[in-house]
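Shown next, in structure tokens, is the structure this report addresses.
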Amino acid sequence: MKKVLGKIILVGVSIIAAIAMLFPTYKAYNLENIQKEYLQKAKAAKNSADSLAVMESFKKQFGEALLKAKNAQLKLGLDLRGGMYVTLEVDVPKLIEETASKEQVDDIFEQVIAKTKNDARNTDQDVIDIFLKNFDAIARPKGKSLISYFDFGNIRDLSDEKIIDKLREDQKQAIDQALEVLRQRIDQYGVAEPNIQKQGNNRILMELPGVSNVSEMRNLLQTTARLEFK
């Protein structure tokens with residue numbers, strides 16, 4: 001009798017523990033469905049102000065509960081839950097091109113940028129290093145230096161070394177800014193447990209579990225911070 005009672009207690013405790021573990025997942029699922037309804041209302045709003053008001057209403061009523069439920073729910077990755085795997089790339093050659101003084105840009109500089117874009121397509125090498133290599137090969141033999149094209153008025157005693165440091169800093173800031181913008185957009189979309197991280201010097205890796213509308217997500221990402229799919 002004691003053995004049977006012990007088994008019943010063990011089974012009962014296991015069931016209660018399973019329910020306790022699954023409840024946050026069930027709650028998160030219900031709240032995500034409510035969030036989808038609010039998203040539809042926001043999309044149907046007449047203007048951006050009304051759309052923002054709808055999402056603020058959801059956040060005020062359910063935001064904290066949804067966050068707690070997501071943090072406590074069972075963690076399902078792409079292999080179990082399905083979703084979307086994306087690699088984005090920051091256009092560093094474009095960043096370099098726009099950082100240069102427009103008045104100083106000439107055919108020589110455009111040749112360097114064009115060569116850099118071509119060389120950076122199929123490599124994980126740092127784009128700044130590729131640019132500097134091409135600059136040394138194309139522009140310097142023609143008497144050009146980085147100072148010929150870049151003018152940072154807030155930097156004293158400007159030199160090629162300081163220009164290189166500034167370009168690397170701008171590259172890092174551009175990627176960090178893109179990461180932040182992406183996180184905000186993904187949170188607004190309602191993706192549970194997204195994994196967004198840097199990959200190399202100019203790429204961003206995203207794992208988005210549960211995303212079923214791929215075209216809508218692509219549109220959301222492509223219109224963010226001038227990001228383009230490669």
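The values are calculated or read from the model by the stated rules, or taken from the named source; none is laboratory data. Only a predicted model underlies this, so the values are computations on that prediction, with no experimental measurement involved. Methodologically, a virtual Cβ is constructed for each residue, glycine included, from the backbone with ideal geometry; neighbour enumeration extends over all protein chains shown. Keep in mind that these areas ignore ligands, DNA and RNA; they rest on the heavy atoms of the full protein, side chains included. Shrake-Rupley method; radii C 1.70, N 1.55, O 1.52, S 1.80 Å.
Calculate, for Gln111 and Arg218, the FRET efficiency according to 1/(1 + (r/R0)^6) with r their C-beta to C-beta distance and R0 30 Å; round to the nearest 0.05. Write out the running numbers ahead of the final one.
Details: r = 33 Å, r/R0 = 1.11.
The formula returns an efficiency of 0.35 here.
Using a 1.4 Å probe, what is the accessible area per residue for the range 87-129, in Å²?
That works out to 56 Å² per residue.
Got a number for the accessible area of Glu37? Probe 1.4 Å, square angstrom, nearest 10.
For Glu37, solvent-accessible area is about 110 Å².
Full extension from Lys162 to Ala44: what is 0.36 nm times the residue separation minus their Cα-Cα distance, to one decimal in nm?
Extra length from Lys162 to Ala44 when fully extended: 37.5 nm.
How much accessible surface does Thr99 have with a 1.4 Å probe, in Å² rounded to 10?
That residue has around 40 Å² of solvent-accessible surface.
Output wanted: per-residue J couplings in Hz (rounded whole) for the range 198-203, from phi through Karplus 6.51 cos²θ - 1.76 cosθ + 1.60, θ = phi - 60°, x for Gly and Pro.
Values per residue, Gly and Pro as x: 6, 9, x, 8, 9, 10 Hz.
Can you send over the solvent-accessible area of Asp129, 1.4 Å probe, protein chains only, in Å² to the nearest 10?
60
How would you order 131-141, 39-49 from highest to lowest mean count of nearby Cβ atoms within 10 Å?
Descending mean neighbour count gives 131-141, 39-49.
Could you work out what % of the accessible surface of the range 37-187 is carbon and sulfur, using a 1.4 angstrom probe and leaving DNA, RNA and ligands out of the count?
With neighbouring chains kept in place, the figure for the range 37-187 is 48 percent.
Which order do Glu110, Glu89, Glu64, Glu103 take by accessible area at a 1.4 Å probe, largest first?
Ranking Glu110, Glu89, Glu64, Glu103 by accessible area, largest first, yields Glu103, Glu64, Glu110, Glu89.
Can you spot the aspartates and glutamates whose alpha carbon is less than 13 Å from Lys102's alpha carbon? Ignore those fewer than 8 places along the same chain.
Within the straight-line limit of under 13 Å, Lys102 reaches these aspartates and glutamates: Glu110, Asp151.
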